[in-house]
Amino acid sequence: METGKIIFKIRRTRKMLNPRLEKELNEQINAEYWSAYLYLSMAAYFENKNLPGFANWMKVQYQEEISHVLKFFNYVNERGGRVLLKPINAVKTEWEDETEVFEDTLIHERKVTGLINNLTNISLEEKDHATHNMLQWYVAEQVEEESGVDEILQQLKMLEGNKHGLLMLDRELKQRTFIDETIKQ
Ligand code: OFO
């Protein structure tokens with residue numbers, strides 16, 4: 001048998017990922033990429049407003065989303081599935097103020113939580129316990145995402161546009177650094 005045919009046969013027999021989940025996981029890779037793109041757009045907005053701390057926070061958020069993409073990417077491949085990248089839709093580029101950015105961020109993260117919960121439900125319906133187990137990392141991550149964003153949003157609301165307070169918060173957000181939480185598991 002020719003080498004190409006052997007590889008083809010091995011690849012076919014290696015496939016373990018449920019086709020419905022393969023499709024849904026590909027959708028989620030796109031959604032996570034869109035999240036990254038959105039946060040980079042928010043970072044650009046803050047850079048333009050001379051708020052380097054806010055911009056830094058969003059750039060770290062961008063890096064986190066890319067790590068979420070890669071975790072799904074690696075998982076699909078590990079299970080013998082096929083990653084098919086789709087186009088990334090355009091994102092918002094202008095906001096009223098810092099509070100509106102974080103309101104949008106919280107709305108977005110709640111939406112992502114819904115997507116993760118939906119994927120988890122599908123993994124249970126399809127009795128795919130490996131995918132269900134992998135998704136638990138994202139379930140926990142979404143709790144952290146929502147609570148971290150909400151904390152900043154509440155602080156912004158308390159400031160009510162106070163410039164000094166805003167600069168203090170900017171200094172605090174500058175401290176955030178990227179830690180790849182996906183490799184801890
Ligand atoms: Fe990937 O957690 Fe935010 O979107």
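The values are calculated or read from the model by the stated rules, or taken from the named source; none is laboratory data. All values derive from a computational prediction rather than experimental measurement. So basically every Cβ, Gly included, is an ideal-geometry build from the backbone, and we count neighbours across all protein chains shown. We work out accessible area using only protein heavy atoms, side chains counted, and drop any ligands, DNA or RNA first. Shrake-Rupley method; radii C 1.70, N 1.55, O 1.52, S 1.80 Å.
Here are the numbers for this structure:
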quantity	calculated
Solvent-accessible surface (1.4 angstrom probe) belonging to GLU151, in square angstrom, nearest 10	110 Å²
Solvent-accessible heavy-atom area per residue, rounded to whole Å², over the chain at 1.4 Å	58 Å²
The chain, accessible surface, carbon-and-sulfur percent (1.4 angstrom probe)	54 percent
Förster-model FRET efficiency, 35 Å R0, GLU100 and GLN136, C-beta, rounded to 0.05	0.60
Cα-based Rg and Dmax for the chain, where Dmax is the largest Cα-Cα distance (Å)	19.4, 74
Shape call, the stretch 81-133: gyration tensor on alpha carbons, a/c limit 1.5	oblate
ILE179 accessible area, assembled protein chains, probe 1.4 Å, Å²	100 Å²
Label-point separation in nm, LEU124 to LEU70, each point 7 Å along Cα→Cβ	3.2 nm
The stretch 29-130: mean projected area of Cα convex hull, nm²	7.0 nm²
Cα centroid separation - the stretch 141-162 against the stretch 104-137, whole Å	23 Å
Cβ-derived FRET efficiency at R0 30 Å, ARG20 paired with GLU172, nearest 0.05	0.10
Sites matching trypsin sites (Lys or Arg not before Pro) across the stretch 66-173 that sit in DSSP coil, with at most 13 neighbouring C-beta atoms within 10 Å	ARG82, LYS92, LYS127
